[in-house]
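The values are calculated or read from the model by the stated rules, or taken from the named source; none is laboratory data. Values in this document were obtained by computation on a predicted structure and should not be read as measured data. When we count neighbours, we look across all protein chains shown, and the Cβ atoms used for this are built from the backbone with ideal geometry, even at glycine. For accessibility, only protein heavy atoms count, side chains too; no ligands or nucleic acids. Shrake-Rupley method; radii C 1.70, N 1.55, O 1.52, S 1.80 Å.
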Amino acid sequence: MNWTKKDLLEIKDLTKDEILLILETAESFKEISLREIKKVPTLRGKTVITLFYEPSTRTRTSFEIAAKRLSADTINISASTSSFVKGETLKDTGKNLESMKPDVIIIRHSMPGAPHILARTLKSSIINAGDGAHEHPTQALLDLFTIKEKKGKIDGLKIVIIGDIMHSRVARSNIFALKQFDTEIVCCGPATMIPPYIEKLGIAVEYNINRAVKDADVVMMLRIQKERGRISYIPSIREYAILYGLKKAHLEKAKKDVIVMHPGPMNRGVEISDEVADGEYSVILDQVENGVAVRMAILYLLTGREQ
Amino acid sequence: MKKKVFLDKKAIDRTLTRITHEILEKNKGCEDLCLIGIRTRGVFLAKRIQEKIKKIEKKELPLGILDITMYRDDLFKIKLPVVKKTDISFDINNKIVLLIDDVMHTGRTIRAAIDALMDLGRPKKIQLAVLVDRGNRELPIHPDFAGIFYAIGAGEEILVKLKENDGKDEVIIVGTQ
């Protein structure tokens, strides 16, 4: 199995073998972060740019640490400090950056398809770090890695995704990734936040959280995106917290070894209670740890692709 | 294409026994010694040497696995290799690390392995044992313990097969001569 793609834009265009290659490669990279000297010379002389038009702590830091541990040089650009505020177009920003010969550009943008525009325009490898409500492929890959690490497998599991499925790029990427495996996927949330025709993808919809989490192996919580005005889809945050916030009592109905995931940042007391977020079933910080290894694997595969 | 069996199963075993005795002789026993096999076949040879030392010295030495892919000097010039796990669960600081590989050729693999080890700690010594030294070095690196030396001719190739990986034990030479 060889990696041939120039870019990582969406889970939807990955094959199962490509997903497995990323996960397998990430396993080998994970050990580096546990060393005293957390650096290998693998990407020496490569340049990685992170171009973030949306705020981020986890994803940007994770990519930067991943690149640095592989000895690549990294440059971070955020919209507020870039020529974006002077009105430069995305294509022009991309072309100007490319003139400085980066090998990889990692982009986050509120507009779905923004990474695709760069990928078509530039010779550098483009990684989508989240494009609007479309996809967030590296999050799904680190989620799969964490599931595989904790459960020893992905096939045969019941995975419940709870929250604003409609506007979640994390949910979308995870659904496309999990559908490549023999999994039972259940989406749960208020009717206004469940995309129409989602059942056509072979996904079950459940509006009651108690019924949704029954016998679940994995419960994946989504963030209520207050900053995007998603509150208008629900009567109130308080009602949402009561009906769809994950509490310890819900987990008693799940499998005994259930794991709880959240892509962060959490709204404690809204979609997830403190006792669950910090409890024994939570693998939320493992997700963050694994994110570095998965992103190292992706950087390695993209820069070393067969040309 | 001609094929000649250079070492058979028994000869490989005898060679490894001899190397094992040389290792113990040079290090005056196995104090502070640890074994690290280079993926893929070096790992199986390391296990065999570990077994032999156990029989002779009644002591089980720590055994690690090293994947040198991340340290290769030709990484982006060849078909991208799959990175496999490095698994060294013991401290190599102030230890005598014995690197083990099947075939030594240009010396570039060993250069990568030494760099990888240095990132994991500061061993007291690094020694090198190989089953076959086929000459043709491109770097000033030489094995401390070599099973056999065979200077390879043009158009020839030497292949090490081990039963753990290839179903049977043999060292064969294929080629024109």
- Note on the structure: In the stretch B:52-89, the residues losing 30 Å² or more of accessible area (1.4 Å probe, heavy atoms of protein chains only) relative to their chain alone are B:Met70, B:Tyr71, B:Phe76, B:Lys79, B:Leu80, B:Val82, B:Val83, B:Lys85, B:Thr86
- Message: Going Cα to Cα from B:Lys2, which lysines come in below 29 Å? Please leave out same-chain ones fewer than 8 positions away.
- Response: B:Lys10, B:Lys79, B:Lys161, B:Lys163, B:Lys168
- Calculate for chain B the 222 nm mean residue ellipticity that helices alone would give, adding -39,500 (n - 2.57) per DSSP H run of length 4 or more and normalising by residue count, nearest 500 deg cm²/dmol. -9500 deg cm²/dmol
- Using a 10 angstrom cutoff on alpha carbons, build the Gaussian network for chain A and name the most mobile of A:Asp217, A:Asp274, A:Asp103. A:Asp274
- Note on the structure: The orientation-averaged projected area of the Cα convex hull of the stretch B:14-55, in nm², is 2.9
- Message: Loop-only GluC sites (Glu not before Pro) in the stretch A:1-79, please: DSSP not H, G, I, E or B, and at most 10 other Cβ atoms within 10 Å.
- Response: A:Glu36
- Message: Using 26 Å as the Cα-Cα cut-off, could you pick out the over-long pairs in A:Lys123/B:Lys77; A:Lys39/B:Lys85; A:Lys91/B:Lys77; A:Lys68/A:Lys179; A:Lys6/A:Lys95?
- Response: A:Lys91/B:Lys77; A:Lys68/A:Lys179
- For the stretch A:177-222, run through the trypsin sites (Lys or Arg not before Pro) and keep only the ones in DSSP coil with at most 13 other Cβ atoms within 10 Å of their Cβ. none
- Cα-based reach from A:Lys101 at 13 Å (exclusive), listing aspartates and glutamates while leaving out same-chain residues under 8 positions away: A:Asp73
- Message: Taking each pair of distinct Cα atoms in the stretch A:19-110 once, what is the resulting Kirkwood hydrodynamic radius in Å?
- Response: 14.5
- Item | Nearby lysines by direct alpha-carbon distance to A:Lys226 (threshold 25 angstrom, same-chain neighbours under 8 apart not counted) | A:Lys247, A:Lys248
- Query: What is the interface area between chains B and A, defined as buried accessible area summed over both chains with a 1.4 Å probe, reported in Å² to the nearest 100?
  - Reply: 1600
- Task: Would you please give the residues with an amide H less than 5 Å from that of B:Ile68, counting only those at least 5 places away or on a separate chain, with H modeled from the backbone geometry?
- Result: B:Arg39
- Item | Relative contact order (%) - criterion: Cα under 8 Å, at least six apart; region: chain A | 21
- Note on the structure: Rounded to the nearest 10 Å², the 1.4 Å probe accessible area of A:Ser78 is 50
- Distance between the stretch A:65-140 and the stretch A:152-175 - C-alpha centres, whole angstrom: 25
- Leaving out ligands and nucleic acids, note down the accessible area per residue over the stretch B:71-177 with a 1.4 angstrom probe, in whole Å². 47
- Could you order A:Tyr300, A:Tyr53, A:Tyr281 so the one with the most accessible surface comes first? Probe is 1.4 Å. A:Tyr281, A:Tyr53, A:Tyr300
- Message: I'd like the distance between the alpha-carbon centres of the stretch B:112-176 and the stretch A:292-307, rounded to an integer number of Å.
- Response: 29
- Message: Between helix A:16-30 and chain A, what is the angle of the helix's C-alpha long axis to the longest principal axis, kept within 0 to 90° and rounded to the nearest 10?
- Response: 80
- Task: Just report the Cα centroid separation between the stretch A:249-283 and the stretch B:17-41, whole Å.
- Result: 50
- Message: Just to confirm the number: angle between the C-alpha axis of helix A:137-151 and the first principal axis of chain A, 0 to 90 degrees, nearest 10?
- Response: 60
- Within chain B, what is the longest stretch that has no GluC sites (Glu not before Pro) placed in a DSSP loop and near at most 11 other beta-carbon atoms within 10 Å? B:61-137
- Item | Kirkwood hydrodynamic radius of the stretch A:1-157, Cα pairs, Å | 16.6
- In deg cm²/dmol, rounded to 500, what helix-only [θ] at 222 nm does chain A give when every DSSP H run of at least 4 residues adds -39500 (n - 2.57) and the total is split over its residues? -10500 deg cm²/dmol
- Query: Could you state the per residue volume, in Å³, of the convex hull enclosing the Cα atoms of the stretch A:114-194?
  - Reply: 95
- Got a sec? Which residues in the stretch B:8-33 would a label at B:Ile148 touch, if it sits 7 Å along Cα→Cβ and we count backbone N under 18 Å? B:8-20
- Task: Can you list which of the trypsin sites (Lys or Arg not before Pro) found in the stretch B:106-157 are DSSP loop residues with at most 12 other C-beta atoms within 10 Å?
- Result: B:Lys124
- Message: Suppose the chain between A:Thr192 and A:Lys153 were pulled fully straight at 0.36 nm per residue; how much longer would it get relative to their current alpha carbon spacing?
- Response: 10.8 nm
- Under the Debye formula (equal points on every Cα, no solvent term), log10 I(q)/I(0) of the stretch B:10-152 at q = 0.22 Å⁻¹: -1.51
- Query: Solvent-accessible area per residue for the stretch A:200-307 at a 1.4 Å probe radius, Å²?
  - Reply: 46
- Sticking with the crude label model, points 7 Å out along Cα→Cβ, report the distance from B:Lys124 to B:Lys10 in nm, one decimal please. 3.9
- Evaluate 2.2 N^0.38 Å with N set to the residue count of the stretch A:105-259, then give the Cα radius of gyration divided by it. 1.09
- Interface residues in the stretch A:275-306 - accessible area drops by 30 Å² or more relative to the isolated chain, probe 1.4 Å: A:Tyr300, A:Gly304
- Roll a 1.4 Å probe over the protein heavy atoms and report the accessible area of A:Ser71 in Å², nearest 10. 20
- Query: What is the magnitude of the charge dipole of the protein assembly as shown about its Cα centre, with +1 placed on the Cβ of each Lys and Arg, -1 on the Cβ of each Asp and Glu, and no other charges, expressed in debye to the nearest 20?
  - Reply: 680
- Task: In Å and from the alpha-carbon atoms only, list the Rg and Dmax of the protein assembly as shown.
- Result: 26.6, 84
- Point-charge dipole on Cβ atoms (K/R +1, D/E -1) for the stretch A:25-74, about Cα centre, debye to 20: 120
